[in-house]
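Quick note: the coordinates plus some simple rules give every number you see, no bench work behind them. As the structure is a prediction and not an experimental result, all values here were calculated from the model. All Cβ positions, even for glycine, are placed from backbone atoms using ideal geometry, and neighbour counts span all protein chains on display.
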Amino acid sequence: MASIIFHENTKTFHLYNQKISYIMCVLENGHLGQLYYGKKIHDKEDFSYLVEKCGRPMTSYIFEEDRTFSLEHIKQEYPVYGTTDYRHPAVEILQENGSRISDFQYESYEIRKGKHKLNGLPATYTESDEEAVTLSVKLYDTETKIRLTLFYTIFEEEAVIARSANFYNEGEKPVHLLAAMSMSLDLPDQDYIWMQLSGAWARERHIKNRPLEQGILAIDSLRGNSSHNHNPFMVLKRPGATEQDGEVIGFSLIYSGNFRIQAEVDTYDVTRITAGINPAGFDWKLESGDSFQTPEAIMVYSDHGLNDMSQTFHRLYRKRLARGYWRDRPRPILNNNWEATYFDFTEDRLVEIAKKAKECGVELFVLDDGWFGKRNNDHAGLGDWVENPERLPHGMKGLAEKIESLGMKFGLWFEPEMTNKDSDLYRAHPDWIIQTPNRSTSHGRYQYVLDFSRKEVVDYIYEMMYRILSGAKISYIKWDMNRSITECYSKALPADRQGEVFHRYILGVYDLYDRLTRAFPEVLFESCASGGGRFDPGILYYAPQGWTSDDSDAIERLKIQYGTSLCYPISSMGSHVSVIPNHQVFRNTPLHTRANVAYFGTFGYELDLNKLKEEEIREVKEEITFMKEYRDTLQFGTFYRLKSPFEGNETVWMSVSEDKKTAIVGWYRVLNGVNMPYTRVKLEGLDPDLLYENIQAHTEHYGDELMNLGLITTDVTSGEVPGDAKPCTDFESRIYLLKAREDRE
Ligand code: GLA
């Protein structure tokens, strides 16, 4: 039972459910203080002993005759800039007289069932009012006449708190928000390991760990997209915590633009976490009568380790962030032509690829880049979302009909936010790109970013996409975004609003997503940004799956998918089998290993199946049959990480069906060894009393046996190779299918 209690006498709020407690109170100076966040504890009227009041030399105090009350030593909920607290604030407001000081005093609160929508922004949601309770704490700054509302939603069944803030200018004068974070949280100690997901193009979301230390640790983006480099996600875990045990807190920001997640450990070992829009370069002019809503931040607590935290994120993001027709539907197995043809295709060639795909059991054929305008290479065409008649003589309609008549769905690539200088769009509207007057404008992949902070630009792109989508039967869209923003400036905004452009740009992206998903509710959207450059919860709200990385090599994908799974559900990870030698790392891996990795995702093929040998085609058909039979468990089951690719030569993960009767274990070994030890791995999440058949090995084991003594993963090449068994080599992998024996329960 989730509940929020307010103790009038002590002005203490206690948000709790079966798993967590979050306690705060109104402080003596009227600000909101943080008292406790962690495992559920009993409610009490008074926790004020946790407010640390003490006199220390070099401390500044709020009240004249009191040398104990300093914000420097008090844990807070939404600290302001420039008072007695010298740590980084959640809010900084530049006022007309040049002052940046604000003083938000508690006024009132409201507790409501369910959860409200955030205007224009992606956010978690409830389907009934019974699923969550929301507290709004209202604060007021008398000088600027700004009302600040802090939102806290606690979910009924999950160890989840969602936070955001809203500013409303009731005054006469405009102000500038220079920092408006989504959340701030002061934790009483610093005994944590900070985990982040960082990387670069083609090696996204690798796990990086560091112990917290006094000082500041942060990840952020200034690129306009959440980025390949740092994901808007961070975990604090206790040093002893593992996948299975121990205390961890995950922080995730539902936002796709410039973000910052920061831990500031002060010299008294208090840890302040802030998360929100990156204050660097941010300057939002809040006119009289206007309001500003921050993106939403999600906090997940677990005292059962990282797997439990990830599973909470997976459930929340799969069912209460992602939306629409495809949310709960198994994802179609697709064949994308990008690595098969790149820009070099004709309609006939596409149909040839699609025919073979159909023969193998593929359900969706996706035409990637190159079908529009003069897009024969990456120098031209972006922005001209009209079929190229030389490539598609029968138009989009004709091609879609051909694919549909084969018995497959048809999908299409777009890159809506971009243009090339060699395009009709640019020639007609050279002032529609993001560029700073009198400065040179940088390009990325020869392309320029359209100014999506302008409604007329978004409207124009919408109209073009609408025409294509309503003129042919298109069931899927891959929405790409292949460069970051530079020289950020909008011609449509005055000088004192240029600090808004990055955020307005993302609001424009969300707006286009919103309009298209509403106009075409049954179209499956897959996001992409040169692979995983915008793989974040903001986009997941609109597109329930994303192309995880441009790196399709199975071994590289182990780290990428393992890291991604810390926060994102398996059903959201685009994962395909591609050719060898692999186009990114030029590695040769066995076909079965490529499939065994891709099963733990949306699954598909990024190649021309006509080029495979007969025996490989037989294998592909078996893979597709397997995926169709088990994709419910693979995509929507409970996912456990068992062995990390960041820590050794072997990776193991598994998915367990909701009824626990089916489990699929993926085992992967990078390099082979000689005369190796016997190995076993302890499984998770099975029913201890069920007898499971190990389908390939024809052996039977109880759930408790597999979870405590483990599944034997030794293979024949550990010793001499018996009989005609095929020896293993490098990049070996295996899928273990475990099925409960109904007759022996
Ligand atoms: C990006 C994507 C690829 C492909 C190309 C097309 O790099 O990540 O999957 O769509 O663009 O240009």
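General observations
- Normalised by the number of residues in the chain, the average gap of Cα pairs under 8 Å and 6 or more apart makes the relative contact order 10 percent.
- Cross-link pairs Lys478/Lys559; Lys355/Lys726; Lys402/Lys613; Lys473/Lys628; Lys115/Lys661 - those with Cα-Cα distance over 28 Å: Lys355/Lys726; Lys115/Lys661
- Segment 653-714: relative contact order as a whole-number percent, Cα under 8 Å and 6+ apart: 33
- Reducing segment 529-603 and segment 34-79 to their Cα centroids gives an inter-centroid distance of 46 Å.
- The ranking of Met24, Met299, Met183, Met58 by Cβ neighbour count inside 10 Å, starting from the fewest, reads Met58, Met299, Met24, Met183.
- Residues with amide H under 5 Å from that of Gly546, placed H, sequence gap 5 or more: Ser527, Met573, Gly574
- Stretch gain in nm, segment Arg445-His42, where the contour uses 0.36 nm per residue and the Cα spacing is subtracted: 139.3 nm
- Of all DSSP beta bridges in segment 423-553, antiparallel share, percent nearest 5: 20
- Residue-wise HN-Hα coupling along segment 29-46, computed from phi with Karplus coefficients 6.51, -1.76, 1.60 (Hz; x: Gly, Pro): 8, x, 7, 9, x, 9, 10, 7, 9, x, 4, 4, 10, 4, 7, 8, 6, 10
- 3J(HN,Hα) couplings calculated from phi for segment 657-674 with the Karplus curve 6.51 cos²θ - 1.76 cosθ + 1.60 (θ = phi - 60°) are, in sequence order, 5, 4, 7, 6, 8, 10, 9, 10, 9, x, 10, 9, 10, 6, 10, 6, x, 10 Hz; Gly and Pro show x.
- Positive-end extreme of charge dipole, segment 286-332 - chosen from Tyr325, Ser291, Tyr301 (charges on Cβ): Tyr325
- Label-to-label distance for Glu96 and Ser405 is 7.0 nm, based on points extended 7 Å past Cα in the beta-carbon direction.
- Neighbour-count ranking [beta-carbon atoms within 10 angstrom, fewest first] of Asp85, Asp659: Asp659, Asp85
- In a reduced charge model with +1 at each Lys and Arg Cβ and -1 at each Asp and Glu Cβ, the chain shows a dipole moment near 1060 debye about its Cα centre.
- The slack in the chain from Glu64 to Asp659, taken as 0.36 nm per residue of separation less the alpha-carbon distance, amounts to 207.9 nm.
- Per-pair calculated FRET efficiency, R0 = 41 Å: Ile580 and Met676 via Cβ, rounded to 0.05: 0.95
- At R0 = 35 Å, FRET efficiency that the Cβ-Cβ distance of Arg518 and Cys54 yields, to 0.05: 0.05
- In segment 648-720, a dipole from Cβ-located charges (positive for Lys and Arg, negative for Asp and Glu) runs towards its positive end, and of Leu706, Val670, Ser657 it is Val670 whose Cα lies farthest in that direction.
- Relative contact order of segment 28-84, defined on C-alpha pairs under 8 angstrom at six or more residues apart (%): 37
- For Thr84, nonlocal amide neighbours, meaning residues 5 or more places apart or on other chains whose placed amide H falls under 5 Å from its own, are Leu71.
- Pairwise centroid distance, computed over Cα atoms, of segment 3-17 with segment 221-279, Å: 27
- For segment 226-232, putting each phi into the Karplus relation 6.51 cos²θ - 1.76 cosθ + 1.60 with θ = phi - 60° gives couplings of 4, 4, 5, 6, 9, 8, x Hz, in residue order, rounded to whole numbers and with x for Gly and Pro.
- Taking 7 Å steps out from each Cα toward its Cβ at Glu157 and Gln244 produces label points 2.6 nm apart.
- MRE, 222 nm, helices only [DSSP H, n ≥ 4, -39500 (n - 2.57), over the chain, to nearest 500]: -5500 deg cm²/dmol
- Spacing of the two label points (7 Å from each Cα toward its C-beta) at Asn588 and Asp189, in nm: 5.4
- A dipole drawn for the chain from +1 and -1 charges on Cβ atoms has a positive end, and of Ile468, Thr144, Ala2 the residue lying farthest that way is Ile468.
- Segment 383-442 versus segment 661-695: alpha-carbon centroid distance in Å: 47
- Counting every other Cβ atom within 10 Å of each residue's Cβ, Phe343, Phe636 order from fewest to most as Phe343, Phe636.
- Kirkwood Rh (inverse of mean 1/r, distinct Cα pairs), segment 128-169, angstrom: 11.4
- Cα coordinate range in segment 259-347, projected on the principal axes (Å, largest first): 64, 44, 29
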